[in-house]
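Q: One structure, as structure tokens, below. Some questions next.
The values are calculated or read from the model by the stated rules, or taken from the named source; none is laboratory data. A quick note: this is a predicted structure, and the numbers were derived from the prediction, not measured. Neighbour counts are summed over all protein chains in view; Cβ atoms, including those assigned to glycine, are modelled from backbone coordinates with ideal geometry.
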Amino acid sequence: MKKVDHIGIAVRDLNAVLPYYTDTLGLPLMKIEEVESQKVRVAFIDAGNVKLELLEAMDDQSAIYKFLEKKGEGIHHIAFGVENIEQRMEELRDKGIRLLSDKPNPGAGGAMVAFLHPKSSNGVLYELCEKE
């Protein structure tokens with residue numbers, strides 16, 4: 001793992017919470033985008049040494065929607081920047097770590113992503129994130 005790339009935070013209404021991060025905390029909004037493959041609308045917030053990724057479900061089939069229904073708003077995942085994500089996934093599988101997918105998927109910001117199952121990570125959802 002190279003570094004913590006971002007912290008994913010599940011929110012019910014992106015437009016409603018953005019002023020807290022930008023006005024109250026004074027953090028700059030980098031961009032907002034929709035990630036069809038994950039069924040989420042994402043806002044990237046620059047928090048200095050790490051980005052905050054605010055995640056709003058686009059429909060009730062989104063993993064974020066299901067997370068919000070079960071646990072409410074809050075930290076969803078911690079993402080580590082990696083190189084050669086497929087090789088890293090294989091190394092983790094060889095160590096007995098369960099992943100949520102067999103292959104990386106397109107994520108926000110043009111990244112390829114894969115998630116480690118929380119049952120293999122002491123209850124924390126970790127994301128591997130490879131960017132060009």
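Q: Just to be sure I understand, how many residues within region 100-115 are closer than 14 Å to Ala63 by Cβ and surrounded by 12 or more Cβ atoms within 10 Å (Cβ to Cβ)? Explain how you work it out, then say what you get.
A: First, pick out the residues of region 100-115 that are closer than 14 Å to Ala63 by Cβ: 100-101, 105, 107-108, 113-115.
Add one more test, that the residue is surrounded by 12 or more Cβ atoms within 10 Å (Cβ to Cβ), and what stays is 100, 105, 107-108, 113-115.
Final tally of qualifying residues: 7.
Q: So, one more: Specify which of the listed residues (Val17, Val4) is more than 26 Å from Met112 (Cβ to Cβ) and touching a residue at least 12 places away in the same chain (Cβ under 8 Å). Explain how you work it out, then say what you get.
A: Working: Val4 fails: more than 26 Å from Met112 (Cβ to Cβ).
After ruling out the rest, the residue left standing is Val17.
Q: Being assigned to a helix (DSSP H, G or I) and either crowded, with 17+ Cβ neighbours inside 10 Å or at pLDDT below 95 (or both) is the filter here; which residues of region 72-91 pass it? Even if it seems obvious, please write down each step before you answer.
A: Going residue by residue through region 72-91, those that are assigned to a helix (DSSP H, G or I) are 85-91.
Within region 72-91, Ile85, Arg88, Met89 qualify.
Q: What are the pairs, 6+ residues apart or on separate chains, where a residue within region 23-42 that is over 23 Å from Ser101 (Cα atoms) has its Cβ under 6 Å from a residue that is modelled with pLDDT of 95 or more and among the polar types (S, T, N, Q)?
A: Listed pairs, sorted by first residue: Leu29/Thr22.
Q: In region 51-71, how many are small (Gly, Ala, Ser) and in a helix (DSSP H, G or I)? Outline the logic, then answer.
A: The first filter runs over region 51-71 and keeps only residues small (Gly, Ala, Ser), leaving 57, 62-63.
When the remaining residues are screened for being in a helix (DSSP H, G or I), the result is 63.
Total meeting the criteria: 1.
Q: I'm checking my understanding of the structure. Among residues of region 35-52 that are in contact with a Lys or Arg (Cβ under 9 Å, 6 or more places away or on another chain) and at pLDDT below 95, which one is farthest from Ala10 (Cα to Cα)? Lay out the reasoning, then the answer.
A: Initially, region 35-52 is screened for residues in contact with a Lys or Arg (Cβ under 9 Å, 6 or more places away or on another chain), giving 35, 42-45, 49-50.
From the residues that got through so far, the ones that are at pLDDT below 95 too are 35, 49-50.
Numbers: Val35: 14, Asn49: 20, Val50: 17 Å.
Out of the qualifying residues, it is Asn49.
Q: Looking at region 99-113, is at least one residue over 28 Å from Lys31 (Cα atoms), of a type in the set (Gly, Ala, Ser) and in contact (Cβ under 8 Å) with a residue 24 or more places away in the chain? Walk me through it before giving the result.
A: First, the residues of region 99-113 that are over 28 Å from Lys31 (Cα atoms): 99, 102.
Filter once more, so that each one left must be of a type in the set (Gly, Ala, Ser): none.
No, every residue in region 99-113 fails to be over 28 Å from Lys31 (Cα atoms), of a type in the set (Gly, Ala, Ser) and in contact (Cβ under 8 Å) with a residue 24 or more places away in the chain.
Q: Within region 1-45, work out how many residues are under 15 Å from Ser62 (Cα atoms) and part of a loop (DSSP other than H, G, I, E, B).
A: So the answer is 7.
Q: Follow-up question, since we're still on this one. In region 16-51, which residue that is farther than 15 Å from Ala79 by Cα, touching a strand residue (DSSP E or B) at 6+ places or on another chain (Cβ under 8 Å) and among the β-branched types (Val, Ile, Thr) is surrounded by the most Cβ atoms within 10 Å (Cβ to Cβ)?
A: It comes out as Val40.
Q: Also, quick follow-up: Looking at region 119-131, can you tell me whether even one residue there is surrounded by 14 or more Cβ atoms within 10 Å (Cβ to Cβ), free of Cβ contacts under 8 Å to residues at least 24 places away in the same chain and touching a helix residue (DSSP H, G or I) at 6+ places or on another chain (Cβ under 7 Å)? Don't jump to the end; show me each part of the working.
A: The first filter runs over region 119-131 and keeps only residues surrounded by 14 or more Cβ atoms within 10 Å (Cβ to Cβ), leaving 120-121, 125-131.
Still in the list and also free of Cβ contacts under 8 Å to residues at least 24 places away in the same chain: none.
Checking region 119-131: not a single residue is surrounded by 14 or more Cβ atoms within 10 Å (Cβ to Cβ), free of Cβ contacts under 8 Å to residues at least 24 places away in the same chain and touching a helix residue (DSSP H, G or I) at 6+ places or on another chain (Cβ under 7 Å).
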